[in-house]
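The values are calculated or read from the model by the stated rules, or taken from the named source; none is laboratory data. The model shown is predicted, which means the values in this text are computed figures rather than measured ones. Quick reminder, even Gly has a Cβ in these numbers, built from the backbone with ideal geometry, and neighbours come from all protein chains shown. Ligands, DNA and RNA are stripped out before the accessible areas are found, and what is left, the full protein with its side chains, is counted by its heavy atoms. Shrake-Rupley method; radii C 1.70, N 1.55, O 1.52, S 1.80 Å.
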Amino acid sequence: MKAGSRVEQLKIALVRHGKPSSASNDVVDALGFEKWVQAYDLSDVDTRSLPPFELQSELEKSYSISSDLNRALHSARLCTNKDADCILKELREFEIPCFRWSFRLSIGKWLLFSRLAWYMNVVGNSESRCAGNVRLRKAVDLIEKKSLEQPNIAIFGHGLANRFIAAELKCRGWTMASSGSGYWGTIRLVKALN
């Protein structure tokens, strides 16, 4: 923040990444789903999935923080025309558990069943929900600290993680100004300075 400038409120925009180039809904077995998850975690944003112009205009001068996953890093570049100012591995999405179930399903159904299992703390070798919550709370601590230096922050992350972060910020006195979902969906939060 510039010396002498007066800021009356802090702003955070939580932006979900654009559509990954690997997104598909094929019918696969358990091994195929595991490979899909690995490809999804390495994927950039599809060349046809561009951020809305209004979002680019709003965030181009914001301090940007990104998850270290490619789809989030690429989204930050597409939206702000620069690399993220800060990269936090703690902003990764909650891991998608993979199981060796012996049937074939569409990717969408695999995701649904994997997330239901995850909500019930059946995670196999993946990060537990509790561990993911601890990791994201650590990210929120870092974000709040940075917001005192940079009052306008754009965070490029992931669907569930962004919703968790928004809820955690609300518990810490932030107010939700607007909410969005889907690719490029943006949750905006503000906090008045005393």
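State the Cα centre-to-centre distance between the range 71-102 and the range 111-178 in whole Å.
Cα centroid of the range 71-102 versus Cα centroid of the range 111-178: 12 Å apart.
Does the range 124-189 come out rounded, prolate or oblate, given a ≥ b ≥ c as the square roots of the eigenvalues of its C-alpha gyration tensor, rounded meaning a/c under 1.5 and, failing that, prolate meaning a/b above b/c? Don't skip to the end; give the middle numbers.
On the way: a/c = 1.93, a/b = 1.31, b/c = 1.47.
Cα axes put the range 124-189 in the oblate bin.
Simple spin-label model, 7 Å along Cα-to-Cβ: residue 50 to residue 170 in nm?
Calculated label separation equals 3.4 nm.
Suppose all protein chains stay in the model; what accessible area per residue would a 1.4 Å probe give for the range 95-139, in Å²? Could the numbers behind the result be given before it?
Working: 2700 Å² over 45 residues.
Averaged over the residues of the range 95-139, the accessible area is 60 Å².
Quick check: the angle from helix 70-80's long axis to the longest principal axis of the chain, C-alpha only, nearest 10 degrees?
30 degrees
From the C-alpha gyration tensor of the range 1-129, pull out the three semi-axes of the equivalent ellipsoid (sqrt of 5λ each), sorted largest to smallest, in whole Å.
Values: eigenvalues 235, 59, 25 Å².
Computed over the range 1-129, the values are 34, 17, 11 Å.
What ratio of Cα Rg to 2.2 N^0.38 Å holds for the range 81-163? Intermediate values should be presented prior to the final figure.
Working: Rg = 15.8 Å, N = 83, 2.2 N^0.38 = 11.8 Å.
Taking N as the residue count of the range 81-163, the ratio is 1.34.
Using the basic label-point model (7 angstrom from Cα toward the beta carbon), what is the residue 57 to residue 85 distance in nanometres?
Each label point lies 7 Å from its Cα, and together they span 2.2 nm.
Out of the trypsin sites (Lys or Arg not before Pro) in the range 31-73, which ones are loop residues according to DSSP with at most 14 other C-beta atoms within 10 Å? Could the numbers behind the result be given before it?
Values: sites: 35, 48, 61, 71; in loops: 48, 61.
Answer by residue number: 48, 61.
Over the chain, what is the mean sequence separation of C-alpha contacts under 8 Å (at least six apart), divided by residue count, expressed as relative contact order in percent? The partial results should precede the final answer.
Values: 344 pairs, mean separation 67.9, N = 194.
Result for the chain is 35 percent.
Share of the range 109-178's accessible area from carbon and sulfur, percent, 1.4 Å? Spell out each step's value before the answer.
On the way: 2060 of 3490 Å².
Its accessible area is 59 percent carbon and sulfur atoms.
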